[in-house]
Amino acid sequence: MNTPIKLAFLILCIALTTTALVVPVKRDAVTPEHEKAVAGICSVVQDKSLCSITLKTVPSNDPNVLVRHLATGAETSVKKGLKFLSGIKPKYKGNAFATACITSCEKQLNNALEDFSDFWKAAGKDINSMANNYFTCKKKMTSIFNYQSSCLDDIYDKPLLKEVQGGIGLGKKMSGESVDVFAGMDKVFNTLNIKTKLNQKDTDSLLPPPLSFYYY
């Protein structure tokens, strides 16, 4: 092989190697289908930017997976909020009001976690189970959001409120987004052409039985 041919061959090898290195790995999360699913879900929430940031890296265009990811993010934030409250509590040991507020918030967030347990049971494993228990899922998520809101509403000391809000505020925002999604689930289903019907009746197993249960 003469020198010009060797040189051409070397250049070709370098070009092919470079091309192989710079071609990005294809990711499901950036497909048009994924973008459409994220846009459909985020269209019903107030903070569309936070919703998009939360969902854009999820490697799935399945609405069921995306909706659950929002709820999972909210639950994780609640757990982090509890850890945060536990961390700041010692420095307020001599402040009865602050200690009472933090203790109350811990109770509220623990109640929210209990509701998350009920939420996941109702949501089941797929979009059909979530739709069949739609009203219950929406009710539980609203309750979770309300627990977080109550925690902050009870703090009227501005410096303390700012500190606590900085530690649990993201969890409240994430729960609020999930509440928005369930409130606008009809629109989401229509946008994404999901034909499954949403059950508007409460399927909560903790509900008392109907009056007819007590009579023969």
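The values are calculated or read from the model by the stated rules, or taken from the named source; none is laboratory data. Not measured: the values here are computed from a predicted model. Note: ideal-geometry Cβ built from the backbone for every residue, glycine included; neighbour counts use all protein chains shown. We work out accessible area using only protein heavy atoms, side chains counted, and drop any ligands, DNA or RNA first. Shrake-Rupley method; radii C 1.70, N 1.55, O 1.52, S 1.80 Å.
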Sum up the charges of everything whose Cβ sits under 12 Å from the Cβ of residue 144, counting Lys and Arg as +1 and Asp and Glu as -1, but leave residue 144 out.
-1
Calculated FRET efficiency, residue 46 and residue 91, Cβ-Cβ r, R0 41 Å, to nearest 0.05?
0.75
For region 27-136, how big is Rg over Rh, using alpha carbon atoms and the Kirkwood form of Rh?
1.10
Leaving out ligands and nucleic acids, note down the accessible area per residue over region 57-216 with a 1.4 angstrom probe, in whole Å².
55
Give, as a single signed number, the net charge of other residues whose beta carbon lies under 15 Å from the beta carbon of residue 120, with Lys and Arg counted +1 and Asp and Glu -1.
+1
A 1.4 Å probe over the protein heavy atoms gives region 77-153 a carbon and sulfur accessible-area percentage of 53
Kirkwood Rh, angstrom, region 102-168 [1 / mean 1/r, Cα pairs]:
12.9
How long is the gain from residue 128 to residue 195 if the chain were fully straight, where each residue apart is worth 0.36 nm and the alpha carbon distance is subtracted?
23.1 nm
Value of D in µm² per second that Stokes-Einstein yields for region 51-205, Kirkwood Rh from Cα pairs, at 4 °C (1.567 mPa s)
79
For labels at residue 62 and residue 162 in the simple 7 Å Cα→Cβ model, what's the distance in nm?
4.5
Which translational diffusion coefficient, to the nearest whole µm²/s, is obtained for region 139-210 from the Stokes-Einstein equation, given a Kirkwood hydrodynamic radius over C-alpha pairs, 20 °C and 1.002 mPa s?
146
Residue separation between residue 79 and residue 117 times 0.36 nm, minus their alpha-carbon distance, gives in nm 12.4 nm
